[in-house]
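Working notes, structure below.
Derivation of every value follows stated rules applied to the coordinates shown; laboratory data play no part. Quick caveat: nothing in here was measured; it's all calculated off a predicted structure. Quick reminder, even Gly has a Cβ in these numbers, built from the backbone with ideal geometry, and neighbours come from all protein chains shown.
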Amino acid sequence: MNIGIFGGSFNPIHIGHLALANYLCEYGEVDEVWFLVSPHNPLKERGDLWPDDLRLKLVQLATEGYDKFRASDFEFHLPRPSYMVNTLRELHRTYPEHTFTLIIGSDNWEVLPRWYKYEELLAENHLLIYPRPGYPTDKGTLPPNARMVDTPLLDISSTFIRQALREGKDVRYFVPKEIYEYIQNYHS
């Protein structure tokens, strides 16, 4: 089975994440998407990172009921900081019956040279790159194992949702209903 690995802090998960993953499954890019909740991205400030267990719980709630999605705490059990090259190696070792494809946005593609052992990550794995506003990617410059996919473009970010929540805004249509309700109860 070809598993799409969608790693991130999911701080919080939102409809943009889910719509993208749904598109990739339904249009034949991958068989399943595993949402790997990252304990802490080494390239980001810890700042307003919500607790690991909360972010995982929200991903679990968001992915329930769709058999092509899986919420995963796989990186929680790896040495920290977690680096994607090591995570993918461990996934290949743990699940040799699957192939894995890393899913990243064009914003991350642009900064990939800052990732830990990025040349090894590229050499050892297949990548699907989805478009992000403001980060055009020239398909002609991609290595053979990286491919740009023409997915719907949704300009929604977790940063926007966290800021809106801090400002007391109603973001119920940017996150699944279960997530919105859970966040409201959690912060009450």
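The table below lists the values:
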| quantity | calculated |
| --- | --- |
| Pair-distance profile P(r), taking every C-alpha pair of the chain, with 10 angstrom steps and integer % | 9, 37, 39, 14, 1 |
| Angle in degrees between helix 84-94 and the longest Cα principal axis of the chain, rounded to the nearest 10 | 80 |
| Modelled FRET efficiency - R0 25 Å, Lys177 with Leu153, Cβ distances, 0.05 increments | 0.60 |
| Estimated inter-spin distance, Thr99 and Asn145, nm [label 7 Å along Cα→Cβ] | 1.2 |
| Calculated SAXS-style log₁₀ I(q)/I(0) at q = 0.14, 0.18, 0.21, 0.22 Å⁻¹ - the stretch 1-110, Debye, Cα scatterers | -0.53, -0.91, -1.26, -1.39 |
| Most to least packed among 109-116, 123-130, 177-184 [average Cβ atoms within 10 Å] | 123-130, 177-184, 109-116 |
| Ordering of 82-88, 143-149, 5-11 by packing [mean C-beta count within 10 Å, highest first] | 5-11, 82-88, 143-149 |
| Nearest-ten-degree value, helix 52-63 long axis tilted from longest Cα axis of the chain | 80 |
| Helix 15-26 axis, angle to the chain major axis (alpha carbon atoms, nearest 10°) | 40 |
